[in-house]
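The values are calculated or read from the model by the stated rules, or taken from the named source; none is laboratory data. Predicted model only: the values in this text are computed from it and were never measured. Cβ coordinates were reconstructed from backbone atoms using ideal geometry, including for glycine residues, and neighbour counts include every protein chain displayed.
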Amino acid sequence: MKQTPYFFILPSILILAFTSLYPICYSIYYSFFNWRWGNEKDFIGLSNYIILLTDKKFWIIIKNTFVFAFFACLIEITIGVFLAIYIDRIKYGSTIIRTLLLIPLMVSGISVTMLFKVILDNMFGIIPYFLSFIGIKSNFFGSYDAALPTIIGLDVWWQTSFVFIIILAGFQSIPSEPIEAAKMDGATEWEVTRYIRLPMIRSLLFLVLIFRSIDTLKVFDIIWGTTGGGPGLATEALQTYAYRVAYSFLEMSKSMTVMVLFSVVVIFLTVIYSKFNKDI
Amino acid sequence: MNKLSKYKHLITAYIVSFIAIAVTILPITWLFLLSIKSKGETFTKPPKWVFDPTIQNYIDLWDNDLFKDTFVNSFFITLISITLSIIIAIFAAYALKRYQIRFKTAFMQWLLLAYMLPEFLFVLPMFAIYQSIGIYDTYIGMALIYQVHVLPFSIWMLRSFLEEIPKEIDDAAYLDGCNPFQAIYKIYLPLIIPGIVATAILNGIWVWNELAIALGLTFFDAQPITVGVASFRGYASINWGGMTGSAIVSMIPMILFVTFAQKHIVKGLTLGSVKG
């Protein structure tokens, strides 16, 4: 039967249409209204977009989100690649090392939140306690300057092993001949890594970069659970802001406008990725 | 000389991995130690290194019906989500492998896009429609919206596992008169069981750990464990025992999973583009 494959694929299409196309269309539609949970829904054109995009606060939030994503990606990819370079050399015990390093990735964002709230608590935390010995009075989540770097630190602890585990797998799939040959010619370990290993896993590095950047831009759990966006606007990101707009300010349409604008960025990054990766 | 430098490299490698493991494991160990300290000893200064362990915090959690319910809810939501996604995905993955489908590339791109969309985008539209069709705050509603993430992932994974099966096997099945259903059920299913398990575990981890959608689409009956853990984060009076204990309880099943799925996790994390 010629239609068979379409019958097989139809349930997936229906479910994906309901769970992805419908929310997008719904959000775009109601972003032109002034719906605030009640029955009153008036068409207000582009007002929500204009209000948001001319709001200084909104730009601070965009800046926060991108600063968070940039530094979290940079640190995670740097540490992850270095870890992979070192641990690639290990033959004995590499499975147990990999398993232990994978643990943070399996933990929920809200548990990471609880973990670091306990450890970094100003009054009772173990790290502020140790810091007090060297005369540092720390305030990790409460101070305007430290809050965002602290949350970047949480994300680094949580997600670095994603980079590490993928890059390591990439290194281990490289054939050994070119590396042996380079070593015969007198290349040092670092030269081999710099000129052979890293170039050979270019496409994986790109995959990691796109996945991590989208994921960090979407940050929600670890901000909502720790600072809730504060102090002030210091750690407010796009998704936590959309949450706050919908549930604290009760402006549903405005919240959906935020998500529409944000989705455009995510879609843009995804399209770039699929353009470069022909497998998809 | 060469040998010496090789050992030097190896020793550095072990030192680096030791530090990485310490940074990874120490915070969790500390959290666990706090969770088995009694109320008075939790935050003494200096910290008490020697203490009588108590499981009082865990008993309190067990007696806390609200928290126990969230654990049960998460279990069922996870189970329904992964079962649904595997059943639907296996047919789609089979169709993508076996047949020439028009708009195949577009479909695959749509999968990636759905997988990547930000969580909060779904919350308000789904809230509205769930309210009107009556599946707000239910297991089914939660499992349904989670498909937006787990279904693309499942199709991806199962397809990459199916691609590894030689086409000859498939042709042989047809010559023997199998229809597509029989081919899937009798030939492919047994061959990709490891793939199905890996997919289910990775999806399970994601569903179990999801918070943003759950906050918006559950109120009481279907509240998952992430919301349960979050309920201990109160600002006014902090229940340290509840915080530490509930975080540990929510971590345990996932940490157990890592040990089982370790082999397939790499493949899963890269949507099949790297062999694990």
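Find the helices (runs of 4 or more DSSP H) located wholly in the range B:72-171 whose residues include 3 or more that are modelled with pLDDT under 95 and more than 10 Å from chain A (Cβ to nearest Cβ), and list them. Break it down into steps so the answer makes sense when it comes.
Numbers: elements: B:104-116, B:120-133, B:139-163.
Helices (runs of 4 or more DSSP H) meeting the threshold: B:120-133, B:139-163.
Looking at the range A:253-280, which of its residues are among the β-branched types (Val, Ile, Thr) and more than 7 Å from every other protein chain (Cβ to nearest Cβ)? Steps first, answer last, please.
First, the residues of the range A:253-280 that are among the β-branched types (Val, Ile, Thr): A:257-258, A:260, A:264-267, A:270-272, A:280.
Scanning the range A:253-280 gives A:Thr257, A:Val258, A:Val260, A:Val264, A:Val265, A:Val271, A:Ile272.
Is there a residue being within 11 Å of another protein chain (Cβ to nearest Cβ) and within 26 Å of the chain's Cα centre (by Cα) anywhere in the range A:181-193?
no
For the range A:1-37, what are the residues that are free of Cβ contacts under 8 Å to residues at least 40 places away in the same chain, more than 26 Å from the chain's Cα centre (by Cα) and under 14 Å from B:Leu124 (Cβ atoms)?
A:Tyr29
Inside the range A:113-161, can you point out the residues that are buried (at least 17 other Cβ atoms within 10 Å of the Cβ) and acidic (Asp, Glu)?
A:Asp121, A:Asp155 - these are the residues of the range A:113-161 that are buried (at least 17 other Cβ atoms within 10 Å of the Cβ) and acidic (Asp, Glu).
More than 9 Å from chain B (Cβ to nearest Cβ), more than 15 Å from the chain's Cα centre (by Cα) and within 23 Å of B:Leu112 (Cβ to Cβ), is that true of A:Arg202? Lay out the reasoning, then the answer.
Details: more than 9 Å from chain B (Cβ to nearest Cβ): yes; more than 15 Å from the chain's Cα centre (by Cα): yes; within 23 Å of B:Leu112 (Cβ to Cβ): yes.
In short, yes.
Only one of A:Ile167, A:Ile210, A:Ile222, A:Ile272 is within 19 Å of the chain's Cα centre (by Cα), of a type outside the set (Phe, Trp, Tyr) and surrounded by fewer than 16 Cβ atoms within 10 Å (Cβ to Cβ); which?
Unique residue meeting the criteria: A:Ile272.
Which of the residues that make up the range B:40-59 are surrounded by fewer than 16 Cβ atoms within 10 Å (Cβ to Cβ) and modelled with pLDDT of 75 or more?
Hits for the range B:40-59 are B:Phe51, B:Asp52, B:Pro53, B:Thr54, B:Ile55, B:Gln56, B:Ile59.
Among the residues of the range A:101-112, which ones are at the interface with chain B (Cβ under 7 Å from one of its Cβ atoms) and either within 13 Å of B:Pro27 (Cα to Cα) or touching a residue at least 12 places away in the same chain (Cβ under 8 Å) (or both)? If you could, list the steps in order and put the result at the bottom.
Here is the first cut: in the range A:101-112, the residues at the interface with chain B (Cβ under 7 Å from one of its Cβ atoms) are A:101-104, A:106-111.
Of everything in the range A:101-112, those that are at the interface with chain B (Cβ under 7 Å from one of its Cβ atoms) and either within 13 Å of B:Pro27 (Cα to Cα) or touching a residue at least 12 places away in the same chain (Cβ under 8 Å) (or both) turn out to be A:Leu101, A:Leu102, A:Ile103, A:Pro104, A:Val107, A:Ser108, A:Gly109, A:Ile110, A:Ser111.
Only one of B:Leu66, B:Leu61, B:Leu34 is farther than 19 Å from A:Asp88 by Cβ, part of a helix (DSSP H, G or I), within 31 Å of the chain's Cα centre (by Cα) and at the interface with chain A (Cβ under 10 Å from one of its Cβ atoms). Can you tell me which? Show your work before the answer.
Working: B:Leu66 fails: at the interface with chain A (Cβ under 10 Å from one of its Cβ atoms); B:Leu61 fails: at the interface with chain A (Cβ under 10 Å from one of its Cβ atoms).
Within the list B:Leu66, B:Leu61, B:Leu34, the selection yields B:Leu34.
Between residues in the range B:253-269 that are more than 7 Å from every other protein chain (Cβ to nearest Cβ) and residues that are modelled with pLDDT under 75, which pairs lie under 6 Å by C-beta distance while being six or more apart or on different chains?
B:Lys263/B:Gly276; B:His264/B:Gly276; B:Lys267/B:Gly276
Does A:Thr150 satisfy the criteria of being among the β-branched types (Val, Ile, Thr) and within 11 Å of chain B (Cβ to nearest Cβ)?
no
Scan the range A:233-252 and tell me whether some residue there is more than 9 Å from every other protein chain (Cβ to nearest Cβ), out of contact with any strand residue (DSSP E or B) (no Cβ under 7 Å at 6 or more places or on another chain) and acidic (Asp, Glu).
yes
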